[in-house]
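One structure below.
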Amino acid sequence: MIDLSIVVPVYNEEDSIRLLWQRGQAALKTLSIDVEWIFVNDGSTDRSLHIIKDMCKVDAQTHFIDFSRNFGHQIAVTAGLEYAKGKAVVIIDADLQDPPELMIELYKKHKAGYEVVYAKRKDRYGESWLKKMTAKLYYRTMSRISAVTIPIDTGDYRIMDRKVVDVIINMPEQHKFVRGQVAWTGFNQTFVEYNREERFAGESGYTWSQMIRFAIDGITAFSDIPLRLVSYFGIIVSFVAFLLGLYALYARFISMDYVPGWASLMITILFLGGVQMIGIGIIGEYISRIQSDVRHRPLYVVKETNISHEE
Ligand code: UDP
Ligand code: MG
């Protein structure tokens, strides 16, 4: 029986994976437990897969899953969770921004009775102030509008009990937001704090547009507030329009001091047009996700793996 599975999503990380693996193994030796590594190669175009396969040759407990193309970080994590066999599972980034030595602390806290222990970022180094600021704002907004409490300032670096993993891999949605799903499961959750290091090498695989999409995935998957906001806003706008209408009638027929109001007309039309477009846009966000859930496509396609996936 494997005590701990370590799931590593990899997208063009040729410079850091080996070091991550070595540092992780060195650290975990002190625990003397059975560990397996699962590297999910998410369509890397560099030598990442080659390096991972070399590592697999040396260590029978190191495995790889090679996707047929790039499917995205959250899907790579999900695939790793599905293949993991351990009694507990750690998710860790490949770029050494998540210090592997922290796994020790995560594991110990988990053993002390927490089904989920996530790593909370105290400080983030080597990231632009814009990324830090938007991330901060995003996590705070999320925690206000979502129905479950998604911990602030945490990524996916965490340890989870088998019970939690089993719940997550049975969630059917296509747009994954793993940290939200974990929060949704409930269970005892706690955190340890750490400083997020600079990337060891290479550059972030997330573009701004991917980050925005990821942020919207998180919101639409876990909150109906945007949908509801549109309705509230619509009600308020309609009410104001009704009052204005009354006033218009009064001005036209009773006080008789009306001015042909081109400006106000334009403003009203433009404003309403704007509100409607926002509304339609938000509804569209949700519908597009319903759409992709309805398609029932597999989440990812595995080209090659050295893990036997027997149940
Ligand atoms: N990653 C991935 N697929 C992608 C983008 C990223 O598997 O399409 C991996 C990447 O190799 C890293 C982790 O996901 O291990 C986090 O990505 P990244 O460091 O680019 O995100 P950031 O830390 O900048 O938020
Ligand atoms: Mg990173």
Going by the conditions given, is Met160 out of contact with any Pro (no Cβ under 8 Å at 6 or more places or on another chain) and open to solvent by less than 30 Å² (accessible area, probe 1.4 Å)? yes
Quick check on my filter: what residues within the range 36-62 are part of a strand (DSSP E or B) and not hydroxyl-bearing (Ser, Thr, Tyr)? Glu36, Trp37, Ile38, Phe39, Val40, Asn41
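Determine, yes or no, whether Tyr250 is aromatic (Phe, Trp, Tyr), at pLDDT 80 or above and in contact with a strand residue (DSSP E or B) (Cβ under 9 Å, 6 or more places away or on another chain).
no
Go through the range 63-73 and count every residue that is within 16 Å of ligand 2 (Cβ to nearest atom) and either assigned to a strand (DSSP E or B) or in contact with a strand residue (DSSP E or B) (Cβ under 8 Å, 6 or more places away or on another chain) (or both).
Going through the range 63-73 one residue at a time, the tally reaches 1.
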Suppose we filter Val116, Val77, Val90, Val167 for residues that are open to solvent by 10 Å² or more (accessible area, probe 1.4 Å) and among the aliphatic types (A, V, I, L, M); which single one remains? Val167
Restrict the check to the range 274-294 and report whether at least one residue is open to solvent by less than 100 Å² (accessible area, probe 1.4 Å), in contact with a helix residue (DSSP H, G or I) (Cβ under 8 Å, 6 or more places away or on another chain), over 30 Å from Met171 (Cα atoms) and in a helix (DSSP H, G or I). yes
Are any residues in the range 38-92 under 22 Å from Glu115 (Cβ atoms) and aromatic (Phe, Trp, Tyr), and if so, which ones? Tyr83
The range 180-203, residues that are surrounded by 15 or more Cβ atoms within 10 Å (Cβ to Cβ) and either acidic (Asp, Glu) or within 16 Å of ligand 1 (Cβ to nearest atom) (or both): Gly180, Tyr194, Arg196, Glu197, Arg199, Phe200, Gly202
Does Asp54 count as over 20 Å from the mean Cα position of the chain (by Cα) and more than 16 Å from Leu4 (Cβ to Cβ)? yes
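Could you grab me the full set of residues in the range 74-114 that are charged (D, E, K, R), part of a helix (DSSP H, G or I) and within 16 Å of ligand 1 (Cβ to nearest atom)?
Correct list: Glu82 only.
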Pairs only if they're at least six apart or on different chains, beta carbon under 7 angstrom, first in the range 5-21 and in a loop (DSSP other than H, G, I, E, B) and within 14 Å of ligand 2 (Cβ to nearest atom), second of a type in the set (A, V, I, L, M) and open to solvent by less than 20 Å² (accessible area, probe 1.4 Å); list them, first residue then second. Glu13/Ala94; Ser16/Ala94; Ser16/Leu96
Within the range 20-29, the residues that are exposed (fewer than 15 other Cβ atoms within 10 Å of the Cβ) and of a type in the set (D, E, K, R) are Lys29
From Ile269, Ile280, residue being modelled with pLDDT of 80 or more and among the β-branched types (Val, Ile, Thr): Ile280
Return the residues of the range 30-67 that are over 22 Å from Ser308 (Cβ atoms), touching a residue at least 60 places away in the same chain (Cβ under 8 Å) and crowded, with 16+ Cβ neighbours inside 10 Å; say none if nothing qualifies. none
Note: among Ile6, Ile17, just one is surrounded by 15 or more Cβ atoms within 10 Å (Cβ to Cβ), touching a Gly at 6+ places or on another chain (Cβ under 7 Å), modelled with pLDDT of 95 or more and β-branched (Val, Ile, Thr), namely Ile6
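The values are calculated or read from the model by the stated rules, or taken from the named source; none is laboratory data. Keep in mind that what you see is a predicted model, and the values were worked out from it rather than measured. Here the Cβ is made from the backbone with ideal geometry for all residues, glycine too, and neighbour counts use every protein chain on show. Areas reflect the complete protein model, heavy atoms only, side chains present, ligands, DNA and RNA absent. Shrake-Rupley method; radii C 1.70, N 1.55, O 1.52, S 1.80 Å.
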